[in-house]
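Participant: Quick one: the structure is below, questions incoming.
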Amino acid sequence: MSGSEKRQHILQQAEVREFEVVLLDGYDDAILGLAHRDQTEPVEHPVVVYSLKGIIEALLAGGCADRDEAYEFFSHNIDASYGEQTPIFVEDD
């Protein structure tokens, strides 16, 4: 399934199951799926799971000079935001 197909599938699931999701623009190819944040205190609805490797690759393709710059951008601009529906980032590098 392509990144855009995964995105559409998640949006359809969110509509059918009536929950909100946070999707990152430009990183559809890094989508792994949906998950619950913590089983001891389950979030009412699932959150989107992204491949950190996929996000870094997209940042490198989008203009970051090297992996250090891409990780810094990720840390300051993507991972720094936090809320109930904030995505999970899997370190799969």
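Participant: Between 76, 45, 36, which gets the highest mean-square fluctuation from a Gaussian network model of the chain, Cα cutoff 10 Å?
Facilitator: Largest GNM mean-square fluctuation: 76.
Participant: Helix 52-61 versus the longest principal axis of the chain: what angle, 0 to 90°, nearest 10, using Cα atoms?
Facilitator: Taking the Cα atoms of the chain, the angle to 52-61 is about 50 degrees.
Participant: Something else now. Which whole-number percent is the relative contact order of the chain (Cα, under 8 Å, 6+ apart)?
Facilitator: 29
Participant: What accessible area per residue, rounded to a whole number of Å², is obtained for the chain using a probe radius of 1.4 Å?
Facilitator: That works out to 65 Å² for each residue.
Participant: Let me ask something else. Amide H of residue 32 versus every other amide H placed in the peptide plane: which residues, excluding those fewer than 5 positions away on the same chain, fall under 5 Å?
Facilitator: So residue 32 has HN proximity to 49, 50, 51.
Participant: In addition: Tilt of helix 3-17 relative to the longest C-alpha principal axis of the chain, in degrees (0 to 90, nearest 10)?
Facilitator: 20
Participant: Could you state how much accessible area residue 37 has, in square angstrom rounded to the nearest 10, with a 1.4 Å probe and all protein chains kept in place?
Facilitator: 80
Participant: Here's a follow-up. Taking only Cα atoms and a 10 Å spring cutoff, compute GNM fluctuations for the chain and point out the largest among 14, 61, 30.
Facilitator: Its mean-square fluctuation being the largest, the pick is 61.
Participant: Then there is this: With all protein chains present and a 1.4 Å probe, how do 71, 27, 82 order by accessible area, largest first?
Facilitator: From most exposed to least exposed: 82, 71, 27.
Participant: Taking the Cα centre of the chain as origin, work out the dipole magnitude from +1 charges on Lys and Arg Cβ and -1 charges on Asp and Glu Cβ, in debye rounded to 20.
Facilitator: Dipole magnitude for the chain comes out near 240 debye.
Participant: Compare 89, 73, 19 by solvent-accessible area with a 1.4 Å probe and give them largest first, with all protein chains kept in place.
Facilitator: 73, 89, 19
Participant: Pick from 68, 79, 29 the residue whose mean-square fluctuation is largest in a GNM of the chain, springs joining Cα atoms under 10 Å.
Facilitator: 68
Participant: Using just the Cα positions, wrap the chain in a convex hull and report its mean projected area in square nanometres, one decimal place.
Facilitator: Value for the chain: 6.2 nm².
Participant: Please name whichever of 56, 12, 76 sits farthest to the positive end of the charge dipole of the chain, dipole taken about the Cα centre and charges placed at Cβ: Lys and Arg +1, Asp and Glu -1.
Facilitator: My answer, from the dipole projection, is 12.
Participant: Sticking with this structure for a sec: With a 1.4 Å probe and every protein chain kept in, tell me what percent of the accessible surface of the chain is carbon plus sulfur.
Facilitator: 46
Participant: Still on this structure, please answer the following. For residue 90, what accessible surface area do you get with a 1.4 Å probe? Give it in Å², rounded to 10.
Facilitator: Approximately 50 Å² of residue 90 is accessible to the 1.4 Å probe.
Participant: Also: For residue 1, what charge total do you get from the other residues with a beta carbon under 12 Å from its beta carbon, if Lys and Arg give +1 and Asp and Glu give -1?
Facilitator: For residues surrounding residue 1, the net value is -1.
The values are calculated or read from the model by the stated rules, or taken from the named source; none is laboratory data. Please read these numbers as outputs of a predicted model, since none were measured by experiment. Neighbour counts run over all protein chains shown; Cβ positions are idealised from the backbone, glycine included. Protein only, heavy atoms only, side chains kept; ligands, DNA and RNA dropped before computing areas. Shrake-Rupley method; radii C 1.70, N 1.55, O 1.52, S 1.80 Å.
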